[in-house]
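*Asks:* Right, I'll just put the structure down here and ask away after.
The values are calculated or read from the model by the stated rules, or taken from the named source; none is laboratory data. The structure displayed is predicted, hence computed values, not measured ones. Here Cβ is always computed from backbone atoms with ideal geometry, including for glycine, and neighbour counts include all displayed protein chains.
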């Protein structure tokens, strides 16, 4: 069992429960371009980065369309009703419990940095994370950002784990040289996530139990049990 000291969190699909909202927003854009809707199951099985590849699989022909225009239209539509999105119910208790156990926590996202910070402020989560990094330009590289992010943490890579919900998160962690844990409640299906051959969890409660058992800090056992009892 590894001894982790710091957790890097992904945001969308990992802390933020926006899977159905993403599917609905994507289908709105697809309809605007005369394309068929995708089911939740197809979305989770096909969604990937770079997202242009996912759009192509769903019928967008970028020999005739400008991806930047289509992508900007999606972002516009996503932001329009973002207030309807919520974080997963267990997230506040999990973050608090991990902090009580002594873990450092940070946030790394493919969102634009300004949007990411506004979102975590909205949900009252800013105090849990340091550093916080989102992209500085649309279509930027999360993999490259992960390497810069880890350089700010001040913990050996062996003590860092990235938690996400897609194979893209696994790729970013692998490129940066840190471990990865994946949640199967987000934007990729469990079947796809299992291809990464890393631990996959169905929910945040299972994830917390695993992290508590991998805690590098002494006397964590009793605290872990107390924190776990508060997580719903």
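*Asks:* Restricting to region 89-102, and then to whatever is in contact with a helix residue (DSSP H, G or I) (Cβ under 6 Å, 6 or more places away or on another chain) and crowded, with 17+ Cβ neighbours inside 10 Å, can you tell me which residue is farthest from residue 11 (Cα to Cα)? Before the answer, list the steps.
*Replies:* Quick first cut of region 89-102, residues in contact with a helix residue (DSSP H, G or I) (Cβ under 6 Å, 6 or more places away or on another chain) only: 90, 93-95, 97, 100-101.
Going one step further and asking which of them are crowded, with 17+ Cβ neighbours inside 10 Å, we end up with 90, 93-95, 97, 101.
Values: 90: 14, 93: 16, 94: 14, 95: 13, 97: 18, 101: 21 Å.
Filtering region 89-102 for residues that are in contact with a helix residue (DSSP H, G or I) (Cβ under 6 Å, 6 or more places away or on another chain) and crowded, with 17+ Cβ neighbours inside 10 Å, the one farthest from residue 11 (Cα to Cα) comes out as 101.
*Asks:* Output the number of the condition that residue 50 fails; it satisfies all remaining conditions of (1) under 18 Å from the mean Cα position of the chain (by Cα); (2) over 27 Å from residue 129 (Cβ atoms).
*Replies:* (2)
*Asks:* Give 151, 177 a once-over and let me know the one that is surrounded by fewer than 18 Cβ atoms within 10 Å (Cβ to Cβ) and farther than 19 Å from residue 196 by Cα.
*Replies:* Working: 177 fails: farther than 19 Å from residue 196 by Cα.
Just a single option satisfies the conditions, and that option is 151.
*Asks:* Let me ask something else. Out of (1) within 17 Å of residue 141 (Cβ to Cβ); (2) free of Cβ contacts under 8 Å to residues at least 40 places away in the same chain; (3) buried (at least 20 other Cβ atoms within 10 Å of the Cβ), the odd one out for residue 169 is which?
*Replies:* Answer for residue 169: the failing condition is (2).
*Asks:* Could you list all residues from region 185-200 that are without any contact (Cβ under 8 Å) to a residue 40 or more places away in the chain and under 24 Å from residue 134 (Cβ atoms)?
*Replies:* 193, 196, 198
*Asks:* Anything in region 120-148 that is in a loop (DSSP other than H, G, I, E, B) and surrounded by fewer than 14 Cβ atoms within 10 Å (Cβ to Cβ)? List them, or say none. Working first, answer last.
*Replies:* Applying the first criterion (in a loop (DSSP other than H, G, I, E, B)) to region 120-148 yields 123-125, 129-131, 136-141.
Hits for region 120-148 are 124, 130, 136, 137, 138, 139.
*Asks:* Anything in region 144-154 that is touching a strand residue (DSSP E or B) at 6+ places or on another chain (Cβ under 8 Å) and either under 30 Å from residue 73 (Cα atoms) or modelled with pLDDT under 95 (or both)? List them, or say none.
*Replies:* Correct list: 145, 146, 148, 149.
*Asks:* When you scan region 13-104 for helices (runs of 4 or more DSSP H) that lie fully inside it, which ones turn up with 2 or more residues that are over 30 Å from residue 3 (Cβ atoms) and touching a residue at least 24 places away in the same chain (Cβ under 8 Å)? Full working, then the answer.
*Replies:* Numbers: elements: 19-32, 40-46, 51-57, 67-80, 91-100.
Correct list: 19-32, 40-46, 67-80.
*Asks:* Taking region 9-36 as the region of interest, how many residues are assigned by TED's automatic domain parsing to the domain that holds residue 172 and more than 21 Å from the chain's Cα centre (by Cα)?
*Replies:* So the count comes out to 0.
*Asks:* For region 193-232, which positions are modelled with pLDDT of 90 or more and touching a helix residue (DSSP H, G or I) at 6+ places or on another chain (Cβ under 6 Å)? Step through it out loud before you land on a result.
*Replies:* First, pick out the residues of region 193-232 that are modelled with pLDDT of 90 or more: 193-212.
Correct list: 196, 200, 201, 204, 208, 212.
*Asks:* Can you say whether residue 141 is under 16 Å from the mean Cα position of the chain (by Cα) and modelled with pLDDT under 95, as far as the supplied structure shows?
*Replies:* Values: under 16 Å from the mean Cα position of the chain (by Cα): yes; modelled with pLDDT under 95: yes.
Judged against the criteria, residue 141 is a match.
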